[in-house]
Amino acid sequence: MRAAVLGAGAWGTTFAAVLADAGCDVILWGRDPAVAEEIAATRRNERFLPGIDLPARVAGTSDAVVALDGAELVAVALPSQRVRAIVTPFADLVSRDSIVISLMKGIERGSHERMSQVLGEAWDIEPERRVVVSGPNLAKEIAAKQPTATVVASKAEATAEAVARATASGYFRPYTNTDVMGVELSGAYKNIIAVAVGIADGMGFGHNSTATVMTRGLAEITRLGLALDAKPDTFFGLAGMGDLIATCASPLSRNHTLGSLIGGGAELAEAITRTGGTAEGVTTSQSIQELARDHGVDVPICDAVVAMLHDGQPKEAVLGALLARPRKAEGL
């Protein structure tokens, strides 16, 4: 198959390699001409994926017309809060027969839409041709061909299976799912929980605190997901628990890194700069909080992250408020 990947950051570049290793011919589009030219000339992306040689089937370009011409698969890996503005001008370039793949993990501010919905609106793509790829997929580990599994979700099972075939290799194992809502919500929400875990780490707390935040974070994700008609099993699979563990535990996670800097005393602007990449949990925390309030769902960890990152509340005061919440039986 011929594939286009829009977004030449670490994950977009890695997914281009995944597609190529599975037998696709891939054109990787980047907004920065210098990055695109480096990929085309050297099959390297030293800025975002240093030390990795890309497969020969991967080509680079900064010309969207070139990237999208004849593409049967179009994967998008761009910052979630800017993706609509970036991709809307490409609507006429995307074939009506293409399968569109969201690699992004965020909820749009204002609209509260998931990334597959944003792409569907921007390009007038029906749900049956949209796919979401999500799971414990840290880009640098996959680029090094370390074994991993992922979830390929679509409303149409045949569409999910087509993308699974186009990505399966000796190191990348895709599982299909039809619960698009649950898969996307998990991918977006776990970034917020990873920020919270990072803050706990930065404050010097140990494994008990980390385990508490992760476990109650998963309960929080599940509670909101069920209110949005997602399937319970999704949250205990690769897209839910699997991605949560990887993002919260790994030093490769930008969201965990940002949280750790905040916990250590850095201001938000400084933490964002030092993280050196997009930490989606920062803005998504506000989107999730608004979405939860719209549906009457209690999300105390998300509320705490918003309070610390956006409302200027001291982390010690927020922690105290969390621990002072009324006791209850364990569960959702």
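Coordinate-derived values only; no laboratory data. These figures come from a predicted structure and were not determined experimentally. Heads up, the Cβs are rebuilt from the backbone with ideal geometry, glycines too, and the neighbour counts pull from every protein chain shown.
Data for the structure
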{"quantity": "Under Karplus coefficients 6.51, -1.76 and 1.60, residue-wise ³J(HN,Hα) of region 219-230 in Hz, glycine/proline x", "calculated": "4, 5, 4, 5, 4, 5, x, 5, 5, 9, 6, 6"}
{"quantity": "Above-threshold pairs, the threshold being 19 Å between Cα atoms, out of Lys155/Lys231; Lys105/Lys140; Lys190/Lys231; Lys145/Lys190", "calculated": "Lys145/Lys190"}
{"quantity": "Mean residue ellipticity (222 nm) of the chain, computed from DSSP H runs ≥ 4 via -39,500 (n - 2.57), nearest 500", "calculated": "-14500 deg cm²/dmol"}
{"quantity": "Cα-centre dipole for region 181-323 with unit charges at Cβ (Lys and Arg positive, Asp and Glu negative), debye to 20", "calculated": "260 debye"}
{"quantity": "Between region 111-128 and region 216-272, the alpha-carbon center distance in angstrom", "calculated": "23 Å"}
{"quantity": "Selection from Gln81, Trp123, Ala40 lying farthest towards where the dipole of region 2-178 points positive, charges on Cβ", "calculated": "Gln81"}
{"quantity": "5 angstrom amide H check on Arg43, placed H, neighbours 5+ away", "calculated": "none"}
{"quantity": "Extension gain from Arg82 to Ser250, taking 0.36 nm per residue of separation minus the Cα-Cα distance", "calculated": "57.9 nm"}
{"quantity": "Contour minus Cα-Cα distance for Arg2 and Leu228 (0.36 nm per residue)", "calculated": "77.9 nm"}
{"quantity": "Unit charges on C-beta of K, R, D, E only; dipole of the chain, Debye", "calculated": "620 debye"}
{"quantity": "³J(HN,Hα) computed for each position of region 201-209 - Karplus, 6.51 cos²θ - 1.76 cosθ + 1.60, integer Hz, glycine/proline x", "calculated": "4, x, 7, x, 7, x, 5, 4, 5"}
{"quantity": "Interchain or long-range residues, amide H under 5 Å from Val5's placed H", "calculated": "Ile27, Leu28, Trp29, Ala75"}
{"quantity": "Pairs of alpha carbons in region 73-125 whose separation is greater than 19 Å (percent)", "calculated": "16 percent"}
{"quantity": "Table column - 3J(HN,Hα) (Hz), region 16-28, Karplus curve with 6.51, -1.76, 1.60, x for Gly and Pro", "calculated": "4, 5, 4, 4, 5, 5, 8, x, 8, 8, 10, 10, 9"}
{"quantity": "Straight-distance crosslink candidates among aspartates and glutamates, where the alpha carbon sits under 18 Å from Lys315 and sequence neighbours closer than 8 are dropped", "calculated": "Asp201, Glu267, Glu270, Asp303"}
{"quantity": "Full-stretch length increase - Phe205, Lys145 - with 0.36 nm per residue and alpha-carbon distance subtracted", "calculated": "18.3 nm"}
{"quantity": "Within region 2-178: Cβ-based charge dipole about Cα centre, in debye rounded to nearest 20 (Lys, Arg +1; Asp, Glu -1)", "calculated": "480 debye"}
{"quantity": "Fraction of the pair-distance distribution of the chain above 28 Å, Cα-Cα pairs, percent", "calculated": "38 percent"}
{"quantity": "Two-site FRET efficiency, Asp311 against Tyr171, from Cβ-Cβ distance with R₀ of 45 Å, rounded to 0.05", "calculated": "0.60"}
{"quantity": "Gap separating the Cα centres of region 1-60 and region 61-90, nearest whole Å", "calculated": "14 Å"}
{"quantity": "Packing-based ranking, highest mean first, of 203-215, 45-57 given that Cβ atoms within 10 Å are counted", "calculated": "45-57, 203-215"}
{"quantity": "Highest to lowest packing among 111-117, 99-105, scored as the average C-beta count within 10 Å", "calculated": "99-105, 111-117"}
{"quantity": "Dipole axis of the chain (+1 Lys, Arg; -1 Asp, Glu on Cβ), positive-most option in Ser287, Pro251, Ala166", "calculated": "Pro251"}
{"quantity": "Computed over the chain: relative contact order in percent, which uses C-alpha pairs under 8 Å that are six or more apart", "calculated": "14 percent"}
{"quantity": "Principal-axis tilt of helix 300-309 within the chain, Cα atoms, nearest 10 degrees", "calculated": "80 degrees"}
{"quantity": "Over region 1-150, equivalent-ellipsoid semi-axes from the Cα gyration tensor in Å", "calculated": "23, 17, 15"}
{"quantity": "Translational diffusion coefficient (Stokes-Einstein; Kirkwood radius from C-alpha pairs) of region 181-323 at 4 °C, 1.567 mPa s, in µm²/s", "calculated": "88 µm²/s"}
{"quantity": "Dmax and Rg, reported as Rg then Dmax, of region 244-332 (C-alpha, Å)", "calculated": "13.9, 41"}
